[in-house]
There are 2 protein chains.
Amino acid sequence: MRLLIVGFGFLGKSLVKAIRNKIDLLKSVDHNFKIIGVADSKGYLYSSKGLIIEELSALNRLSEHKEYKTSETAAELISKDLCDIIVEVTPTNIINGEPGLTHITQALKNGIHVVTANKGPLVLAFKQLTSLAEKNGCDLLYEGTVAGAIPVFSLVRECLQGDKIVKLSGILNGTVNYILSRMHFEEISFEIALKEAQERGIAEKDPSYDIDGIDAACKVVILANAIMGRNAKLQDVERIGIRGITQEAISLAKKANYAIKLIGTVDKKLEVSPKLVPINHPLCVHGTLNAIHIQTDLAKEITLVGHGAGKETVSAILNDLITILKKRSPEDKNP
Amino acid sequence: MRLLIVGFGFLGKSLVKAIRNKIDLLKSVDHNFKIIGVADSKGYLYSSKGLIIEELSALNRLSEHKEYKTSETAAELISKDLCDIIVEVTPTNIINGEPGLTHITQALKNGIHVVTANKGPLVLAFKQLTSLAEKNGCDLLYEGTVAGAIPVFSLVRECLQGDKIVKLSGILNGTVNYILSRMHFEEISFEIALKEAQERGIAEKDPSYDIDGIDAACKVVILANAIMGRNAKLQDVERIGIRGITQEAISLAKKANYAIKLIGTVDKKLEVSPKLVPINHPLCVHGTLNAIHIQTDLAKEITLVGHGAGKETVSAILNDLITILKKRSPEDKNP
């Protein structure tokens, strides 16, 4: 299968490096696997024979390459039917989903399978995109959109096939969890913990997307729609962030063997809010870790813990990619 | 597909009840799905048209049913090619694996798929059984053998397909974890915690299988063979149990923000021994919970927490069953 990677930021570059390291594995699944193109916001590299992965993985920017072209946009490339699958890893935009929404829509319309780690399009247009994928016989996988490397969607799809999922709750934002963990263990104020997180590159200069729970709410929407079959939008999530959490509140909780955590919940109600979590509960993980607690009728409870962001997310993207290669590649895997 | 359930103890009965509740789901995967037989250690029920599941699920013992027969053993039934798949849930026997080993071997020789939660045969004969399955084009799935409802094998198989698994460590025995947790939180002695566990039915009268780490070592063997491709035997596991753990040791650990946990490790060395685990580590779960910490090259670390025993294990069995039904049922799912 012919892959087009759309987006060459941190995640796109990490993916290319992982594909370089795992090329034998990928070829064992689909001996025709090749990267035919990589696009960034300004231009692209393309070769119908497949780009040279060693060259690609050495690039810091696509434009460093002598074959870099700017004559077409990523959306135009996708519409030309040059590829069988795209990995969409442009930056999340929850205002209008662009440019990811156009990329994914265009791909699905053209019968091209999609793997994405881009929350925006799925938060804004989950039903439209999944319906479009179904109508056109395409796969649309998005494991990397929620809790980074934690494989929650594939776990539910492949490992809990007999279970009915009853409720989901999770620590879905590593920045917030880092701040709350520092407040808990170091007994520092919210302001200092936030500043520290910013200095360490864990929090953005404008941290509101994280600390006001918007990012976690986006993940709640995707979880609700993907796992519980809802048709939820961002405005359906009741949301309280962590700006009001004082050191006093954290200390009181700690004395009673609780930690205050920002919990996203998919139950009858969709919610993101600070909650008291017993210190011994499996969900009560610290630092930048994320965790998802899945309540079901048979297994009762399964908790998954892992890295919620960073290059670990490539694990999720690669698993989605291999899932589609296995399902969709012609049978003659070993010619 | 025609299912024969071998074993009608706690797990067999729980499975029948779950199948009753999920029959629509199972039929949606394979419209020909039926339970054609259930065998216990003395006899069996059989109907080529399929047993009536409502009747089955009301039985406390198979022999209560008027059609109960004792003319053939389970192994004889399996060898008669009456079924396409067996679920083997007879009691674990790590001395010679019987009767499970004969049941599973017989099934695989006859081209019958196998789902099992029975550790014995897999601990004693992992390579032989998986080779036999491969040779005869059969599936052999055993999610329920390790850590009950925690779907570790299907997670690695389906959700971490691009990752290389580097190391596994886990709390693999709920009885031991219960005892250590009580010692940690209630500051009671090993002897009292054990007695309490026995009174609550969590520990056996002869607790050595659990507290000497034999059960955990069995799981280490299966994990090592199934996930890391080893050819390990029980005697390859260095094993220390928890009889020597004093309240003093637990208290000292606790003061330093550690808990003493019995950890099974699959690394270069295979090991079961008490270890200091930081209280804030995701693996540090309490009560009867089990946890498995998976280290990989891409995702870095994924921790899975859940119930390690009890009827929750039916989740794992049912997922294995559905996996095989999906893979092996004829395409005409919706006639």
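The values are calculated or read from the model by the stated rules, or taken from the named source; none is laboratory data. Please read these numbers as outputs of a predicted model, since none were measured by experiment. Please note: Cβ atoms are built from the backbone with ideal geometry, for glycine as well, and neighbour counts cover all protein chains shown.
Scanning the stretch B:257-286 for residues that are within 14 Å of chain A (Cβ to nearest Cβ) and among the β-branched types (Val, Ile, Thr) returns B:VAL277, B:ILE279, B:VAL285.
Scoring B:VAL305 on the criteria (1) part of a loop (DSSP other than H, G, I, E, B); (2) within 17 Å of the chain's Cα centre (by Cα); (3) at the interface with another protein chain (Cβ under 7 Å from one of its Cβ atoms) leaves a single failure, condition (1). Within this structure, A:GLY137 passes the test of being more than 13 Å from every other protein chain (Cβ to nearest Cβ), outside any helix (DSSP H, G or I) and among the small types (Gly, Ala, Ser). Note on the stretch B:34-49: residues that are in a loop (DSSP other than H, G, I, E, B) and more than 22 Å from the chain's Cα centre (by Cα) total 5.
Pairs are defined by a Cβ separation below 9 Å, a sequence spacing of at least 6 or placement on different chains, a first member in the stretch B:151-174 that is more than 9 Å from chain A (Cβ to nearest Cβ), and a second member that is of a type in the set (Lys, Arg) and assigned to a strand (DSSP E or B); the pairs so defined are B:SER169/B:LYS275; B:ILE171/B:LYS261. Test A:SER71 against the criterion of being over 18 Å from A:ILE19 (Cβ atoms) and not charged (D, E, K, R), and give yes or no. The answer is yes for A:SER71. Across the stretch A:10-30, the qualifying residues are those that are under 23 Å from A:LYS80 (Cα atoms) and in contact (Cβ under 8 Å) with a residue 60 or more places away in the chain, and the one among them that is nearest to the chain's Cα centre (by Cα) is A:GLY12. Checked against (1) in the same structural domain as B:ASP210 (by TED's automatic domain parsing); (2) touching a residue at least 12 places away in the same chain (Cβ under 8 Å); (3) crowded, with 17+ Cβ neighbours inside 10 Å, B:LYS300 passes all but condition (2). Screening A:ILE263, A:ILE202, A:ILE222 for residues that are within 18 Å of the chain's Cα centre (by Cα) and farther than 25 Å from A:ILE279 by Cα leaves exactly one candidate, A:ILE222. Among the residues of this structure, A:VAL38 counts as one that is within 21 Å of A:MET1 (Cα to Cα) and out of contact with any Asp or Glu (no Cβ under 7 Å at 6 or more places or on another chain). Residue count for the stretch A:64-84, restricted to those that are in a loop (DSSP other than H, G, I, E, B) and either free of Cβ contacts under 8 Å to residues at least 40 places away in the same chain or farther than 15 Å from A:ILE5 by Cβ (or both): 10.
This table checks each residue for (1) assigned by TED's automatic domain parsing to the domain that holds A:THR92; (2) closer than 17 Å to A:LEU172 by Cα; (3) basic (Lys, Arg); (4) not in a helix (DSSP H, G or I).
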residue	(1), (2), (3), (4)
A:ALA193	no, no, no, no
A:ALA197	no, yes, no, no
A:ILE202	no, yes, no, yes
A:ASP206	no, no, no, yes
A:ASP210	no, yes, no, no
A:ALA217	no, yes, no, no
A:ALA226	no, yes, no, no
A:GLN235	no, no, no, no
A:GLY241	no, yes, no, yes
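Of the residues in the stretch A:117-129, at least one is among the polar types (S, T, N, Q), assigned to a loop (DSSP other than H, G, I, E, B) and crowded, with 24+ Cβ neighbours inside 10 Å. A single member of B:LEU289, B:LEU318, B:LEU234 is surrounded by fewer than 21 Cβ atoms within 10 Å (Cβ to Cβ), closer than 24 Å to B:LEU141 by Cα and either under 24 Å from the mean Cα position of the chain (by Cα) or within 14 Å of another protein chain (Cβ to nearest Cβ) (or both), and it is B:LEU234.
Does the stretch A:156-163 contain at least one residue that is assigned to a helix (DSSP H, G or I) and not charged (D, E, K, R)?
yes
Return yes or no: is B:SER57 small (Gly, Ala, Ser) and away from chain A (no Cβ under 14 Å)?
Answer is yes for this residue.
Take the conditions (1) over 16 Å from A:LEU325 (Cβ atoms); (2) more than 14 Å from chain B (Cβ to nearest Cβ); A:ASN21 misses just one of them, which is (2).
Taken over the stretch B:153-196, the criterion of being more than 30 Å from B:GLY244 (Cα to Cα) and either of a type in the set (A, V, I, L, M, F, W, C) or in contact with a Cys (Cβ under 6 Å, 6 or more places away or on another chain) (or both) is satisfied by B:PHE153, B:SER154, B:LEU155, B:VAL156, B:CYS159, B:LEU160, B:ILE165, B:VAL166. When A:ASP267 is tested against the conditions (1) touching a strand residue (DSSP E or B) at 6+ places or on another chain (Cβ under 7 Å); (2) in contact (Cβ under 8 Å) with a residue 60 or more places away in the chain; (3) buried (at least 16 other Cβ atoms within 10 Å of the Cβ), the lone failure is (3). Return yes when A:ARG243 is more than 11 Å from every other protein chain (Cβ to nearest Cβ) and at pLDDT below 95 and no when it is not. No, not satisfied. Do we have any residue at all in the stretch B:189-198 that's more than 13 Å from chain A (Cβ to nearest Cβ) and closer than 26 Å to B:VAL314 by Cβ? Yes, the stretch B:189-198 contains a residue that is more than 13 Å from chain A (Cβ to nearest Cβ) and closer than 26 Å to B:VAL314 by Cβ.
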